[in-house]
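In what follows, a structure is listed as structure tokens, so that the remarks can point back to it.
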Amino acid sequence: MNASPADQLRLVEVAELDARIRQADHARKNPPQAGRVQELLAQRQTLSQELTRRLGARDDLRAELARIESDVAVVDARSARDAERLASSSNSKEAQGLESELASLARRKSDLEDAELEIMERLEQAEAAVAEQEALIAETNQQGAELSAEGKRVVAEATAAFDAATRDRAAVAGTVPADLLALYEKLSTRSAGAALLRARTCEWCHMVLSGTDLNTLRQAPEDAVLTCPECGSILVRTGESGL
């Protein structure tokens, strides 16, 4: 096949635009933030499960504290009643029984207050554990939101680059003869399709051509469409080819 050097050179521009299109398409479909966002989602699920456990432990302690406080209130009410009865009693035997019961109630209240202090201390630790876990979840959510926003920005930029390169590609390809473009399209399925020969080297596969291959290129007409012996791309010759 023969094609003017200018048409062949336009193929290199098409190849460069195709590379930009592939790069932009990959970027918009696979933003670098996506993997980390998925990791953060999994991390948040694990943190949420732990938060549920800590909330359960805290609520159990709250319920236990409420029960003890209720028992203390019952003891206080009974002690007040017995003290009132003792103050008005004139029966020594009854008074002795009331004094004994008051002593027993005092010991019971002391035990309850000791238990109450222990539960309050444990509850304070449980509240701190819940707050710590909630802070971790909030931090994870913040990181996820920032990465998601950055990912959307990257996708938007890549989409804009994809659309621009696609438009430019259509404009340039429209100026290339149909048969030459068809050959390029066929070759581009397994190579760059077209590449400059610069300093005796194919710019796609970076192969330095042998003396025999260079002689073949020197002897070929300037409008001959030739391919790289290594990668199969159309080799576009210019004044920088080193021939």
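The values are calculated or read from the model by the stated rules, or taken from the named source; none is laboratory data. Please read all numbers here as calculations on a predicted model, not as lab measurements. Because the Cβ atoms are built from the backbone with ideal geometry, glycine has one as well, and the counts that use them run over all protein chains shown.
Some points to look at:
- All conditions in (1) surrounded by 12 or more Cβ atoms within 10 Å (Cβ to Cβ); (2) closer than 17 Å to Thr159 by Cβ; (3) of a type outside the set (Ser, Thr, Tyr); (4) touching a residue at least 24 places away in the same chain (Cβ under 8 Å) hold for Arg54, with the sole exception of (2).
Residues are listed down the side, and each one gets a yes or a no for (1) within 24 Å of Gln23 (Cα to Cα); (2) of a type in the set (Asp, Glu):
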| position | (1), (2) |
| --- | --- |
| Asp163 | yes, yes |
| Ala192 | yes, no |
| Val208 | no, no |
| Leu217 | no, no |
| Ala220 | no, no |
| Ala224 | no, no |
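- Just one residue in the set Val155, Val176 is hydrophobic (A, V, I, L, M, F, W, C), assigned to a loop (DSSP other than H, G, I, E, B) and buried (at least 17 other Cβ atoms within 10 Å of the Cβ); that residue is Val176.
- Among the residues of region 77-90, those identified as surrounded by 13 or more Cβ atoms within 10 Å (Cβ to Cβ) and of a type outside the set (Lys, Arg) are Ser79, Asp82, Ala83, Leu86, Ser89.
- Restricting attention to region 114-127, the residues being aliphatic (A, V, I, L, M) and either under 10 Å from Arg58 (Cβ atoms) or not in a helix (DSSP H, G or I) (or both) number 2.
- Of the set (1) without any contact (Cβ under 8 Å) to a residue 40 or more places away in the chain; (2) surrounded by 12 or more Cβ atoms within 10 Å (Cβ to Cβ); (3) not basic (Lys, Arg), all apply to Ala42 but (2).
- Of residues in region 66-99 being among the β-branched types (Val, Ile, Thr) and in contact (Cβ under 8 Å) with a residue 40 or more places away in the chain, the one nearest to Ser110 (Cα to Cα): Val72
- Selected residue [out of contact with any helix residue (DSSP H, G or I) (no Cβ under 9 Å at 6 or more places or on another chain), polar (S, T, N, Q) and either at positive phi or assigned by TED's automatic domain parsing to the domain that holds Gln143 (or both)] from Ser110, Ser48, Ser79, Ser89: Ser110
- Members of region 57-76 found to be charged (D, E, K, R), surrounded by 14 or more Cβ atoms within 10 Å (Cβ to Cβ) and more than 25 Å from Ala131 (Cα to Cα), listed by number: Asp71
- Pairing residues of region 137-152 that are among the charged types (D, E, K, R) with residues that are at pLDDT below 95 and surrounded by 12 or more Cβ atoms within 10 Å (Cβ to Cβ), at Cβ distances under 7 Å and at least 6 apart in sequence or on separate chains, gives Glu150/Gln33.
- Tally of residues being in a loop (DSSP other than H, G, I, E, B) and either loosely packed, with under 15 Cβ neighbours inside 10 Å or without any contact (Cβ under 8 Å) to a residue 40 or more places away in the chain (or both) across region 1-39: 4
- Exactly one residue among Ala165, Ala192 is crowded, with 19+ Cβ neighbours inside 10 Å, modelled with pLDDT of 95 or more and of a type in the set (Gly, Ala, Ser), and that residue is Ala165.
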